[in-house]
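Okay, structure first, notes after.
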Amino acid sequence: MPTQNFVAVPHQTVRWSIDTGTSFEDFRARYEAAVPVLDLERMTALRAERASWETVLAAAAQNAPHGFLRFWSTDVGELMQLAGDQGSCSSYLMGNHTIAERMYRHDPAVMLYAPLRTTIHQDQDGVTRFSIDQPSSRFGSFGSPDIATVGLELDRKVANLLRVLDVSVPSAFTAASDQ
């Protein structure tokens, strides 16, 4: 019987819950406008035609004005309200497959954290928050400087998105670029 190897990698993740300073509906609309839905028909066509990677890069750049696309979303709050729970919550997978590829080539296991999971939700006080695990705290756990560098780049891209959305940016998202 073959020997099985198990690898456990404990790591710390930094989760941010950021006050958006606006209503749930307003922030969700602005977020969804800034992070457009991935065009699955276009991606399917590119795969079918076996397009060059340069063509894929150009399509991503054209469709992701702030570096990110929405791969999936759901209105969790609407479902939970059926159980009598209060508050609104939408959950998303946000990312960019062309950025993920730059980590994937070093370790396909990065897809555990790519795309990035985000939520827009109301906390117990009714404050609308944007929550995300800081990308560098996720991707730094792979022990690869190349992957960690992309994680830091993603921190900066999240910071830029927050600025576009007119939300305060935690300094930790830009600390690496300040050094």
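Every read-out reported here was derived from the displayed coordinates using simple, explicitly stated rules and does not represent laboratory data. Quick caveat: nothing in here was measured; it's all calculated off a predicted structure. Ideal geometry is used to build each Cβ from the backbone, glycine not excepted, and the neighbour counts take in all protein chains shown.
Give the residue list of GluC sites (Glu not before Pro) in segment 45-137 that are DSSP loop and have at most 11 other beta-carbon atoms within 10 angstrom. Passing both the DSSP loop test and the Cβ count: Glu49.
Largest mean-square fluctuation among Ala48, Ala100, Ala59, in a Gaussian network model of the chain whose springs join Cα atoms under 10 Å apart, belongs to Ala48.
Hey, what number do you get for the chain at 222 nm if only DSSP H runs of n ≥ 4 count, each worth -39500 (n - 2.57), divided across all residues, to the nearest 500? Mean residue ellipticity, 222 nm, calculated: -11500 deg cm²/dmol. Cα centroids of segment 1-52 and segment 101-138: 7 Å apart. Positive contributions from Lys and Arg (+1) and negative ones from Asp and Glu (-1), summed over other residues with Cβ under 12 Å from the Cβ of Gln122, come out at -3. Annotation note: chymotrypsin sites (Phe, Trp or Tyr not before Pro) in segment 1-97 located in DSSP loop regions with a Cβ neighbour count of at most 11 within 10 Å are Phe6. Taking other residues whose beta carbon is less than 14 angstrom from the beta carbon of Ala60, and scoring Lys, Arg as +1 and Asp, Glu as -1, yields +2.
Find me the longest stretch of the chain that has none of the exposed trypsin sites (Lys or Arg not before Pro), where exposed means in a DSSP loop (not H, G, I, E or B) with at most 11 other Cβ atoms within 10 Å. Segment 106-179 is the longest.
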